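Nothing in this text is a laboratory measurement; each read-out follows from the coordinates by a stated rule. Computed from a prediction, not measured in an experiment: that's the story for all the values here.
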Amino acid sequence: MRGQRVSSVGDRYRLGRRQLLAALCVSFGMTVGGTGAVVASGKKAGTIRFGLTPVFLTNDLELLGGLRHYLAKATGHDVELVTRRTYQEVTSLLVTGELDAAWICGYPFVKFRDALDLVAVPDWNGSPYYRSYLIVGSDRAVESIEELGGDIHAYSDPDSNSGYLVTQALLHELDLSPNRFFRDAMFTYGHRNVIRAVASRLAQSGSVDGYVWEVMREIEPELVNRTRILRRSEWLGFPPVAANRRVAQTEKMQSLSQAFLAMSESEEGRDVLRMLRLTGFSLPEDEIYRSIAEKVEALKGVL
């Protein structure tokens, strides 16, 4: 953000052994599951290179391993999971064709719509929608965004819809300069870290994925209960799985789409869904991303 110092807080938190290993994978761009090569014998030719961004709920190795094994079995292809620290890095690899597909955010999906096709969209509580939350400390006596002027604010990622774009669009709509309203801002490069920053008072307010906040409230209530929701956005299209348009109609990508759509139909798939706290995947029309596209259009020349 122009005129503001943006810093990262991800390295301020001590991680357990499993999380540390996964964090190293992210930091150095390693693939998950060794070389990401053979999962089982008799696979079809052509590895599916699948990218994951911080929109993913967690870097837990059990979850990543389960996802990779399920996709390999369901598609009949070897699957390589590629992780990066930022949305921009994964989106760049996807648009340039270095990845076949990736689980990205609605904001970059809209920005690069001409280069991407939908593969599948997660369903959370039976719907392909989620919301952005504006959060503050649980004991803070404020009731509106206007009262947050002068805050240190935590964003997730500059290419995040729920963790950046929504708040920027709201400030612009209220004629509050997105570049001057907050005293300072930081990018935490992870929605979990936005929650941690606000809970620890490292930041006074934050913009976070509502799905992540709700799931974190379930698995880490002591942490999340030190924050509260000041504002919920309108319902927005859930971060999608997208493919590079050049390969979207290939057998590999068709099999990947079908694997996601059928995830709730097998025990292995349901195990992955349980870890993600999702009910399944669907393939809705692009219309679910209209409100995100409207925010992008409104902020042209501002961001």
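Brief remarks on what is shown
- Cross-link partners of LYS44 among lysines, defined as those whose alpha carbon lies under 24 angstrom from its own and excluding same-chain residues fewer than eight positions apart: LYS73, LYS252.
- Three-way shape label, the range 218-303, alpha-carbon gyration tensor, a/c 1.5: oblate
- Gain on full extension, evaluated as 0.36 nm per residue between ARG113 and SER92 minus their Cα-Cα distance, stands at 6.3 nm.
- Gyration tensor (alpha-carbon) shape descriptor, the range 132-233, a/c threshold 1.5: prolate
- Gyration tensor verdict on the range 54-200 (Cα atoms; rounded if a/c is under 1.5, prolate if a/b is larger than b/c, oblate otherwise): prolate
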